[in-house]
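The values are calculated or read from the model by the stated rules, or taken from the named source; none is laboratory data. Keep in mind it's a predicted model, so treat the numbers as computed, not measured. Cβ: placed from backbone, ideal geometry, glycine included. Neighbour counts: every protein chain shown.
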Amino acid sequence: MNILSLSVFNKIRDFLVVNGSPVELKTITGLTIYSDNIICVNMNINDTCFKTQFVVAGTDLSPTFDLILSQNFFQCFNFVLDCKNSVFRNDVVSVSWNFHRMFPNGNSANSPSDDFSKQKLNSDQFLDSDKCDVEMSSVNSITGRMVTKTQIPAFSQKYVEIKLDDNCNAFTVDQPILVESLNDKHSDSFLIARSVSNLDVKNRCVALVCNLNDSPVNLSKNMALVNISPIHKVACIENVNNVSSENSKRQIDWATQVDLNHLEDEQQLRVMNLLSKYNSVFFQNISDLGQCDLIKHEIHLSD
């Protein structure tokens with residue numbers, strides 16, 4: 001289902017409330033929404049209305065967006081999201097936008113601006129480590145080039161050494177960076193894996209190149225090959241559920257639950273005594289975990 005932030009919902013005047021049970025939605029980014037407020041509205045896109053339903057979140061979704069459209073919405077109205085050309089369209093409407101890569105900055109997100117280029121230092125100047133951390137949020141992607149001429153054999157892959165095309169010192173040694181293909185110009189002959197690498201003391205990293213041809217591919221020295229972007233480590237606080245174990249004191253009849261016929265009589269007796277003594281340690285299901293509460297925690301993986 002589609003998700004709408006609370007701040008946008010408060011501005012809507014024309015909508016219908018949909019009666020139903022509370023729903024819990026989890027997005028691909030790890031965001032969990034639990035709400036019993038579902039509305040039906042006409043969403044206007046370029047003066048064309050599309051009737052759809054939204055689950056209203058109890059807060060704002062993000063500093064960078066106010067709603068999330070589901071896959072069902074795309075399929076229902078035959079919408080296509082063309083990320084390469086920044087176009088959102090179907091047979092009736094078409095909407096385009098200017099693409100900006102967003103970088104997290106604390107609890108907000110910033111897009112690259114000209115501020116960094118204005119503050120760019122001369123080649124004979126260097127940033128100290130503290131200032132590097134401050135400037136990280138305004139670092140745009142940087143072009144990476146081949147260090148030496150390299151040949152990739154047919155139908156094989158190989159790690160190649162990459163150097164940064166910019167003398168910017170906002171990157172630090174051993175900092176994790178995102179390595180992506182510069183463009184699709186060479187996609188018919190070789191591919192570059194989207195991967196995470198680290199900078200060495202020479203301001204270099206590695207990229208994985210895959211040759212799809214039946215003949216070798218030669219990558220020349222100083223060839224512009226990849227885009228390099230900083231990876232920001234942002235602490236995320238997530239909810240956990242404390243599940244109380246109600247049946248912790250329930251006694252289990254292990255004699256009827258466990259088959260010990262493969263053991264000798266003396267061994268069977270010793271095992272049964274052990275199970276009885278540590279009844280709360282050996283459990284049969286999630287409700288028999290003893291006197292310790294179970295903490296359920298979902299780990300969300302992202303870039």
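Observations
- Put simply, of N227, N242 the only residue that is in a strand (DSSP E or B), modelled with pLDDT under 70 and in contact with a strand residue (DSSP E or B) (Cβ under 7 Å, 6 or more places away or on another chain) is N242.
- The stretch 187-224 - residue that is more than 15 Å from Q175 (Cα to Cα), part of a strand (DSSP E or B) and not aliphatic (A, V, I, L, M) and, of those, farthest from the chain's Cα centre (by Cα): N218
- If the condition is being β-branched (V, I, T) and touching a residue at least 60 places away in the same chain (Cβ under 8 Å), then the stretch 67-87 contributes only I68.
- Among all positions in the stretch 260-269, there is no residue which is surrounded by 10 or more Cβ atoms within 10 Å (Cβ to Cβ), assigned to a strand (DSSP E or B) and either out of contact with any helix residue (DSSP H, G or I) (no Cβ under 9 Å at 6 or more places or on another chain) or at pLDDT 60 or above (or both).
- Some residue of the stretch 183-190 being within 22 Å of K84 (Cα to Cα), at pLDDT 85 or above and outside the structural domain of K84 (by the TED database): yes
- When the strands (runs of 3 or more DSSP E) confined to the stretch 1-62 are screened for residues that are surrounded by 12 or more Cβ atoms within 10 Å (Cβ to Cβ) and modelled with pLDDT under 85, those reaching at least 2 such residues are found at 23-26, 32-35.
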